[in-house]
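**Student:** Would you mind keeping the following structure in view while I ask a few things?
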């Protein structure tokens, strides 16, 4: 067993906020991490071709957009995105929000 604390992991600056990868396995295309979308910022539309993604909103209000529309979710909500589903996170609020994400190639 290996314990990884988010305090031990460096925060990577992103154009829309920041991210932290807590665990990554290239062989299984699996990753667990945290991301922050800063107030007034938006990720670019993207997709994961080989993996599904599950996002859990830790704090704040998050807006997720895909080809079908826009959904606002608050802390305690989860978002499931199947592989090849284009999506992005948007923060139209006044405060940052943090999310936990899991990307996995489960078949």
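The values are calculated or read from the model by the stated rules, or taken from the named source; none is laboratory data. Keep in mind that what you see is a predicted model, and the values were worked out from it rather than measured. So basically every Cβ, Gly included, is an ideal-geometry build from the backbone, and we count neighbours across all protein chains shown.
**Student:** Filter segment 1-35 down to residues that are assigned to a strand (DSSP E or B), at pLDDT 95 or above, in contact with a strand residue (DSSP E or B) (Cβ under 6 Å, 6 or more places away or on another chain) and within 17 Å of residue 87 (Cβ to Cβ), then give me how many there are.
**Tutor:** 4
**Student:** I'd like the full set of residues that are closer than 18 Å to residue 88 by Cβ and surrounded by 15 or more Cβ atoms within 10 Å (Cβ to Cβ), limited to segment 1-21.
**Tutor:** Correct list: 16, 17, 18, 19.
**Student:** Next question. Within segment 78-104, count every residue that is touching a strand residue (DSSP E or B) at 6+ places or on another chain (Cβ under 7 Å), more than 21 Å from residue 14 (Cα to Cα) and surrounded by fewer than 16 Cβ atoms within 10 Å (Cβ to Cβ).
**Tutor:** Total satisfying the criteria: 4.
**Student:** Additional query: Tell me, yes or no, whether segment 40-57 has at least one residue that is in contact with a helix residue (DSSP H, G or I) (Cβ under 9 Å, 6 or more places away or on another chain), part of a strand (DSSP E or B) and at pLDDT 95 or above. Walk me through how you get there before you give the answer.
**Tutor:** Initially, segment 40-57 is screened for residues in contact with a helix residue (DSSP H, G or I) (Cβ under 9 Å, 6 or more places away or on another chain), giving none.
Taking every residue of segment 40-57 in turn, none turns out to be in contact with a helix residue (DSSP H, G or I) (Cβ under 9 Å, 6 or more places away or on another chain), part of a strand (DSSP E or B) and at pLDDT 95 or above.
**Student:** Given the criterion without any contact (Cβ under 8 Å) to a residue 12 or more places away in the chain and not in a loop (DSSP other than H, G, I, E, B), identify the matching residue among 65, 72.
**Tutor:** Working: 65 fails: without any contact (Cβ under 8 Å) to a residue 12 or more places away in the chain.
Answer to the check: 72.
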